[in-house]
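Below is one structure, written out as structure tokens; the observations come after it.
The values are calculated or read from the model by the stated rules, or taken from the named source; none is laboratory data. What you see is a predicted model, and the numbers here were worked out from it, not measured in a lab. Positions of Cβ are generated from backbone atoms using ideal geometry, with glycine treated the same way; all protein chains shown enter the neighbour counts.
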Amino acid sequence: MFCYQCQETAKGTGCILKGVCGKESHTAQAMDLLLFVVRGISVVADTLRKADSPVSEEVNIFVTDALFCTITNANFDDESILKRVDRGLALRNGLIQEAKHNKVFLPQVDELTWQGTRDDYAEKAKTVGVLREQNEDLRSLKELLVYGLKGMAAYLEHAMRLGFNDDTVHVFMQRALATIAVESLSAEEWVKLVLEAGEFGVKTMALLDAANTGTYGNPEITKVNIGVKNRPGILISGHDLKDMEELLQHPKIIGLFRARIDTLQQQFAHYEQVKRFTLLTEPFSMERGELTNTLKLKRSVVAKNYKGLIDKMYEE
């Protein structure tokens, strides 16, 4: 393997035996093969668009997911990566047939002509990784571009989960991947494409910000307990707000809170006990007027701010 995707890479040059992040060589090779397949899909998609032929949303979703999947330590599950390779090859071959049907000429590159099976994956992966480019300067620029696309895909997928999307970002990502597979550019031309990726990266970050704030409101500085002590914990990043929302609605999580509440209120009279509750994605705050300066709850403000949730609990 050879991976220098993150700032923690071995000796600052590249992980060659096992990733500092814990990634095994076979996982890194599976990711290399998936990126190889994604480049092939992008070549066909980009060529079809240039010929004014439609490209399905399935392509956009697959390419975004595959790029996100290969970020440094987002997914170490070999089988899930290889299943993406399976789906990607089928998707690529379907696009090739569309191009033939529409009489769209495709470039003859390995990303389009290779037709391997699971038995061939491991050997093929060894030939399509980072070191396939012999020129160190061009290799660095191409990989810088790829890492920018991976980050872009991560932001874009999180935004898409909240119903926000931008076709121009998908078109750019696939054009950039196609360029890596097909074009022989000078260092100056690669730099220009990398800078363009930066512009689209900023655009995608703005899209994710609009998705998060449009769905959950503007973030507020909040003091939270970051320790789990002797209890299990779940790590939630700032991009996983949709996951946290779904987690708080999961029957098992609600069941855990239900059991804890029932334990704590065993000595209460029936009319004093909590019958229904809702888990919130954020704590009560002074900024919204829900807490006093001494952190006491302002019941009237809470009742107003969460009227919809409260009414729903009484309707159930």
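Please enumerate the residues belonging to region 88-106 that are part of a loop (DSSP other than H, G, I, E, B) and surrounded by fewer than 14 Cβ atoms within 10 Å (Cβ to Cβ). Lay out the reasoning, then the answer.
Kept after step one, since they are part of a loop (DSSP other than H, G, I, E, B), are these residues of region 88-106: 102-106.
Answer for region 88-106, where residues must be part of a loop (DSSP other than H, G, I, E, B) and surrounded by fewer than 14 Cβ atoms within 10 Å (Cβ to Cβ): Asn102, Lys103, Phe105.
Across region 90-107, the number of residues qualifying as among the aliphatic types (A, V, I, L, M) and over 15 Å from Ile61 (Cα atoms) comes to 4.
Would you check which residues across region 250-288 are among the polar types (S, T, N, Q) and surrounded by fewer than 12 Cβ atoms within 10 Å (Cβ to Cβ) and list them?
Narrowing region 250-288 to residues among the polar types (S, T, N, Q): 263, 265-267, 273, 278, 281, 285.
Passing the criteria: Thr263, Gln266, Gln267.
Could you list, in sequence order, the residues of region 29-57 that are of a type in the set (S, T, N, Q) and over 20 Å from Cys69 (Cα atoms)? Selection gives Thr47, Ser53, Ser56.
Here Gly88 passes the criteria (1) within 22 Å of Ser184 (Cβ to Cβ); (2) modelled with pLDDT of 95 or more except the one numbered (1). Within region 244-257, the set of residues being without any contact (Cβ under 8 Å) to a residue 12 or more places away in the chain and assigned to a helix (DSSP H, G or I) comprises Glu246, Pro251, Lys252, Gly255, Leu256. Could you please let me know if Arg39 is more than 20 Å from Gly151 (Cβ to Cβ) and not acidic (Asp, Glu)? Answer is no for this residue. Looking only at residues of region 1-31 that are among the aliphatic types (A, V, I, L, M) and part of a helix (DSSP H, G or I), we find that the one that is farthest from Tyr121 (Cα to Cα) is Ala10. Among the residues of region 69-76, are any in contact with a Cys (Cβ under 9 Å, 6 or more places away or on another chain), touching a residue at least 24 places away in the same chain (Cβ under 8 Å), closer than 13 Å to Ala30 by Cβ and assigned to a loop (DSSP other than H, G, I, E, B)? The answer is yes; a qualifying residue exists. Does Val109 fit the bill of being surrounded by fewer than 15 Cβ atoms within 10 Å (Cβ to Cβ) and in contact with a Gly (Cβ under 8 Å, 6 or more places away or on another chain)? Yes. For region 172-226, residues that are over 30 Å from Gln134 (Cα atoms), surrounded by 11 or more Cβ atoms within 10 Å (Cβ to Cβ) and of a type outside the set (A, V, I, L, M) total 12. Residue count for region 150-204, restricted to those that are within 14 Å of the chain's Cα centre (by Cα) and of a type in the set (D, E, K, R): 3. If only residues of region 32-59 that are part of a loop (DSSP other than H, G, I, E, B) and under 23 Å from the mean Cα position of the chain (by Cα) are counted, the one that is surrounded by the most Cβ atoms within 10 Å (Cβ to Cβ) is Val55.
Rundown of residues vs (1) touching a Ser or Thr at 6+ places or on another chain (Cβ under 7 Å); (2) among the polar types (S, T, N, Q), yes/no style:
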residue	(1), (2)
Phe2	no, no
Gln7	no, yes
Cys15	yes, no
Cys21	yes, no
Val37	no, no
Asp46	no, no
Ala51	no, no
Phe62	no, no
